[in-house]
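Worksheet for the structure shown next.
The values are calculated or read from the model by the stated rules, or taken from the named source; none is laboratory data. Treat the numbers as computed from the prediction; the structure is a model and nothing was measured. Cβ placement follows ideal geometry from the backbone for every residue including glycine, while neighbour counts extend to all protein chains displayed. Heads up: the accessible areas ignore ligands, DNA and RNA and are worked out on the full protein's heavy atoms, side chains in. Shrake-Rupley method; radii C 1.70, N 1.55, O 1.52, S 1.80 Å.
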Amino acid sequence: MRVLAHGIGSQHDLPLSPFYAFAGAFAALFVSFLALGLLWSASRFRGDRAGRPLPVALQRLADARPTRMAARVLGLAAALFVLLHLLLGPNGPERNPAAGTVYVLLWVGLVPASLLLGPVWRLLNPLRTLHLLVCRALGRDPAAGRPLPVHLGLWPAAAGLLAFTWLELVAPDPASSTALLLFFVLHGVVHLAGAARHGARWFDHADAFEVYSGLLARLSPLGRRPADRRLVLRSPFNGLDAVPQTPGLVATVCVMLGSTAYDGFSDAPSWITTVQTSPLGRTTAATLGLLAAVALVATLYALCTGATRLISGQLRHPLTAFAHSLVPIALGYLVAHYFTLFVTEGPHTVMVALGTDNPVPPEPPLTPGGIATLQVAAIVIGHVLGVVAAHDRSVRLFPPARAVAGQLPLLALMIAYTIGGLTLLLA
């Protein structure tokens, strides 16, 4: 059986010198930090206010009712396709494309789709469409409902992401029809009930896939200005700067980072031996490992933001103030861990869906050395982008005399994450 839940398989034998990888990463981070400290003394990002408007014709096409209806129909058709294959199709990803559709085309495919097109899952989300159809049938406004509690924030999305990554990385048989059906039935019931109570805004805060796509879309060159709803071309840094400082944001990003880190070491021989011989049982031990990875990422971030607050003076919300700088790091890890999976298992899933018997997945488009270079570059670039985002936020929030010093704990955090990421990739 093909292991769809893991993106890179035996990454520990990549043909790249760990010394040069670590040296290059440290040099990139230090040079970036020093250059920013010397040359970047005032905030340059304007968040949602930034961007060059796209042509009106393109705006009309994107907002046209047929365009949006086509996206909703596509989302519903894809959901029905997966559901029918889970209910009626054979068990096993070699003959049933449902698992590949979920773990590869949806979960991994949302990364490039969101980077290129923006928060696409908001339009494709079949649950949002079902809620819309039910509301129209009942003559009810889809936006009507009780206000969401302020403290709720993105916490439901963080819990949903953790549940899905548990299914992907820990569950005894993540590709089985039973496991996937149970997850999506529970997922659908929870979110349709939440939307019935709070209106369509529930999905913005609680749907794990919408929040996941939305955070990644902050790095897309396409965006919307809230003031006039215009589609604009923008620097990804401006999109990143506009990430709302919402409760649960840190938890969501830490689940993204921690689960990818767990995926990186879960195939290490020592860890496999540990979970297989644990007196707690494989599933319990693996669950604790996943939770520990997320907790470690969150603890390191909390310690560093706490140190930043002590060095730089009063900061009202230290945890959420710099959480946006973790998004490009999470993106770098996602690219590093899942690139090979997407370019090989993606076409394989499509061939299975088209009825091809025993299709042979294509070879990766890069050589092993090229893949290793891409993976290291993705991690390093993600951290450098995080340093830039954190620096701009620092010079906006802190007095000039403390702006650079206040970033030292965050730089230490970036270095720690880099060491961890490259170790998992190359060790």
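Checking the structure you have, find out if any residue of segment 71-90 is touching a Lys or Arg at 6+ places or on another chain (Cβ under 7 Å), farther than 30 Å from SER235 by Cβ and not acidic (Asp, Glu).
The answer is no, given that none of the residues of segment 71-90 is touching a Lys or Arg at 6+ places or on another chain (Cβ under 7 Å), farther than 30 Å from SER235 by Cβ and not acidic (Asp, Glu).
Take the conditions free of Cβ contacts under 8 Å to residues at least 60 places away in the same chain and more than 20 Å from LEU83 (Cα to Cα) and apply them to GLY194. Does it pass?
When the stated conditions are applied, GLY194 passes them.
Only residues that are open to solvent by less than 30 Å² (accessible area, probe 1.4 Å) and either part of a loop (DSSP other than H, G, I, E, B) or among the aromatic types (Phe, Trp, Tyr) (or both): list them for segment 203-227, please.
PHE203, ASP207, PHE209, TYR212, LEU219, SER220
Are any residues in segment 232-260 open to solvent by 20 Å² or more (accessible area, probe 1.4 Å), aliphatic (A, V, I, L, M) and part of a helix (DSSP H, G or I), and if so, which ones?
VAL250, ALA251
Go through segment 399-408 and give me each residue that's surrounded by 20 or more Cβ atoms within 10 Å (Cβ to Cβ) and either in a helix (DSSP H, G or I) or touching a Gly at 6+ places or on another chain (Cβ under 6 Å) (or both).
Across segment 399-408, the qualifying residues are ALA403, VAL404, GLY406.
How many residues are within 22 Å of the chain's Cα centre (by Cα) and acidic (Asp, Glu) if we restrict to segment 148-197?
The number of residues fulfilling the criteria is 1.
Could you pull out the residue among ALA62, ALA157, ALA144, ALA71 that is part of a loop (DSSP other than H, G, I, E, B), within 27 Å of LEU231 (Cα to Cα), open to solvent by less than 50 Å² (accessible area, probe 1.4 Å) and not aromatic (Phe, Trp, Tyr)?
Of the residues listed, the single one that is part of a loop (DSSP other than H, G, I, E, B), within 27 Å of LEU231 (Cα to Cα), open to solvent by less than 50 Å² (accessible area, probe 1.4 Å) and not aromatic (Phe, Trp, Tyr) is ALA144.
Go through segment 84-110 residue by residue and tally those that are modelled with pLDDT of 90 or more, part of a loop (DSSP other than H, G, I, E, B) and over 14 Å from MET351 (Cβ atoms).
Summing the residues that are modelled with pLDDT of 90 or more, part of a loop (DSSP other than H, G, I, E, B) and over 14 Å from MET351 (Cβ atoms) in segment 84-110 gives 3.
Which residue out of GLY382, GLY346, GLY420, GLY386 is under 19 Å from the mean Cα position of the chain (by Cα), crowded, with 17+ Cβ neighbours inside 10 Å, under 30 Å from HIS85 (Cβ atoms) and in contact (Cβ under 8 Å) with a residue 40 or more places away in the chain?
None of the others qualify; the one that does is GLY346.
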